[in-house]
1. Could you grab the relative contact order for the chain? Cα pairs under 8 Å, six or more apart, rounded to a whole percent.
2. In Å and on Cα atoms, what radius of gyration and Dmax does the chain show?
3. What is the pair-distance distribution P(r) of the range 136-298, computed from all Cα-Cα distances in 10 Å bins starting at 0, with each bin given as a whole percent?
4. So, in Å, what gap is there between the alpha-carbon centers of the range 123-137 and the range 266-332?
5. Looking at the chain, send over the antiparallel percent of its DSSP beta bridges, to the nearest 5.
6. Measure nothing fancy, just the Cα-based angle from helix 297-315's long axis to the longest principal axis of the chain, in degrees from 0 to 90, nearest 10.
7. Calculate, in nm to one decimal, what residue 20 and residue 286 gain on full extension: separation in residues at 0.36 nm each, minus their alpha carbon distance.
8. Can you tell which of 174, 114, 322 shows the greatest fluctuation in a Gaussian network model of the chain with Cα springs below 10 Å?
Ligand code: NCD
């Protein structure tokens, strides 16, 4: 794919070689995400960071990544604070915002909304999550994390065995992750969810057509045996028509130290796109796993920076110019862990 000037709306746009290209750029940008070096390659550029749904990681890491490339960030964090609340169409909003920004990241509660917005945008648009449809930058950072974690155990994504746990029906992070995993060989996915929250048929069909081996179960202990990665997700209560229905599924699939120790291989990596619901009745990923060195959730969130920097650099066509304005940082912050 030609990244330069493109909208990034779905993992459908990516071939394996595109993913690898992005990853090698992300790796080369790590001195910048680790604050060892500074670049001003996007000096003067403005990111319109438009979040019409709650977000912590995605919004801040997209914004921080743009800042780390030398660009500035303008934000909307609530639909209620924009003119969408006055009845303005997505198309008009796109026309206007793309006059003020050089690239736009959009998160919106409706499936397909980001594509619709991009059709009226005069600048590239990146999908920061559209309803329960897709979350492509999350899948990229998830796979980047999987690759890094596996390489510690001399394993590769080809041959990966992964358990996806939780709300596989509404979870857009899972939907994009399934698509990106299907680009690799001999991948085995164990789908662990309540019957009503199974992965949608269009996703299982795609995986089967790409020769991904699938197994489905409602039993957590059974599903997490013999996998390299456990990817836990939150019940997406905001997608349920009736919020009380979501309550039925919370707490059904909770991974904790006892269950992990009894069922997992010693090196099984634990991931979660976050936020995890830590309230007692849900608690899908217990904090008693905090000390477990295989808990990769915060390394996963950290990886969002270099992946999103790489996305911006490629879409804005500056990937070969980053070093030109590069210098060492003259300040230092110690991060203990
Ligand atoms: C996810 C999302 O918003 O889809 N979070 C994220 O972006 N890291 C997952 C979730 O909200 O459960």
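1. On the way: 663 pairs, mean separation 70.9, N = 337.
Here the relative contact order equals 21 percent.
2. 19.7, 56
3. Here the calculated profile for the range 136-298 is 11, 44, 37, 8, 0.
4. Answer, in whole Å: 18.
5. On the way: 3 of 37 bridges.
Antiparallel bridges make up about 10 percent of those DSSP assigns within the chain.
6. The angle comes out at about 40 degrees.
7. Details: separation 266, 0.36 × 266 = 95.76 nm, distance 3.30 nm.
Between residue 20 and residue 286, full extension yields 92.5 nm more.
8. Comparing 174, 114, 322 in the GNM, the peak value goes to 322.
Read the figures in this text as sums done on the coordinates, not as results from a lab. Because the structure is predicted, anything quoted here is derived from the model rather than measured.
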